[in-house]
Amino acid sequence: MSGSGRRHAAPGGGPAAGDRSRPPRPHAMKRYGQNHLVDANVLRAIVDQAAVGPEDVVLEVGAAGGMLTRPLLERARLVHAFEIDRRWLPRLETLSAADPRLRLHAGDALKADLAGLDPPPTALVANLAYNIAIPLIMISLFDLPSVRRWAVMVQRELGERLFARPSTKAYAAVSVLTQLACRLEKSRPVPAAAFRPKPRVESSFVTFVRREAPGGESAGEPAGEAPPAPPEYAAVAQLVRLGFGQRRKTLGNSLGGAARAGVTVSRDDVRRVLAELGLSEAARPEELTPPQWLTFARELRWPGTTP
């Protein structure tokens, strides 16, 4: 998905009847994964769930016609809006000219220097195209420590994976990495009929916040420690991805021979640390909780982690 649409657009993507003030709406392009939100009730609900405040600097990726951008500007201090599809730029430039709190960025957000945005974003609020959702969320977790809140429309399957429980089919590396840094606030299902063109999958609007300190977990979540600092987080992420890269194998087999910064761990090292932590020597990656992955990496003395 990308951007947002207008509820009263005429069939075929043109402006509503009698609306001659705007150019015709560009049709959705498959190459950009565009499915524009057209249900005004859903739009109002997700804006409320995003809970953007007057001190927030919002990063929006896939602004399209500005349907989500406008209500964000009403609530936020400033909005950095990215749009890769140049056909939408005239509309967004008009909106930016009318409100200097909108900073328009034409181009691919995945190739942009997001860490250099000024002022730095405090929230990511977006209707994300399916093909950029995971990399954009990961970039914001790793490289944008200023972002404290996420409110994103994603494919329902990804929404489930972000906060999946261990030992479930949906539990993956992205689950571990998201949950190490964040806690889930709310997930709202959004039907395919809310978009144009109608996608072949269901969607979810998911809100989550960065963990700050021990004891900040939401109801139903196990207590945990403060999230790792960015350099350690990056080191743990590499180990997690290596483990889940061969998830059918035991960690001893998948991580034996893994190397970082000139240090190589052996199969016996992995099995020994698992046993010391009270875990099975034959444990597979999906059996470890996010906090256990962090402890496992530290006890393994994986380079970049804090012993």
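Bear in mind these aren't lab numbers, they're just calculated from the coordinates by the rules spelled out. No experiment lies behind these values; they were computed from the predicted model shown. In this analysis, Cβ positions are derived from the backbone assuming ideal geometry, glycine residues included, and neighbour counts consider all displayed protein chains.
Here are the numbers for this structure:
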quantity: Spacing of the two label points (7 Å from each Cα toward its C-beta) at residue 106 and residue 299, in nm; calculated: 5.5
quantity: Qualifying aspartates and glutamates (Cα of each under 18 Å from Cα of residue 249; at least 8 residues distant if same chain); calculated: 268, 269, 281, 286, 287
quantity: Residues residue 74 and residue 167, FRET efficiency given R0 of 35 Å [Cβ-Cβ distance, rounded to 0.05]; calculated: 0.20
quantity: Separation of the residue 282 and residue 44 label points, Cα + 7 Å toward Cβ, nm; calculated: 5.7
quantity: Translational diffusion of segment 230-299, µm² s⁻¹ [Kirkwood Rh, Cα pairs; Stokes-Einstein; 10 °C; 1.306 mPa s]; calculated: 134
quantity: Amide H contacts of residue 103 (H built 1.01 Å from N, under 5 Å, at least 5 apart or other chain); calculated: 79, 80, 81
quantity: Contact order relative to length of segment 153-307, as percent, for alpha carbon pairs under 8 angstrom and 6 or more apart; calculated: 22
quantity: Along each principal axis, Cα extent of segment 30-210, largest first, Å; calculated: 51, 35, 29
quantity: Segment 48-120: GluC sites (Glu not before Pro) in DSSP loop, at most 15 other beta carbons within 10 Å; calculated: 55
quantity: Per-residue HN-Hα couplings for segment 76-86 [Karplus 6.51, -1.76, 1.60; θ = phi - 60°; Hz; x = Gly/Pro]; calculated: 9, 6, 6, 10, 8, 10, 9, 8, 8, 8, 5
quantity: Reachable aspartates and glutamates from residue 111, criterion Cα separation under 16 angstrom, eight or more residues apart if same chain; calculated: 60, 83, 85, 143
quantity: Sites residue 263 and residue 241, calculated FRET efficiency, Cβ-Cβ separation with R0 22 Å, nearest 0.05; calculated: 0.80
quantity: For a label point 7 Å along the Cα-to-beta-carbon line of residue 272, residues of segment 291-305 with backbone N under 16 Å; calculated: 296-303
quantity: Residues 99, 269 arranged by fewest to most Cβ contacts within 10 Å; calculated: 99, 269
quantity: Vicinal HN-Hα couplings computed from phi for segment 288-305 (Karplus, 6.51 cos²θ - 1.76 cosθ + 1.60; Hz; Gly/Pro x); calculated: 8, 6, x, x, 5, 4, 5, 5, 4, 4, 5, 5, 6, 6, 5, x, x, 9
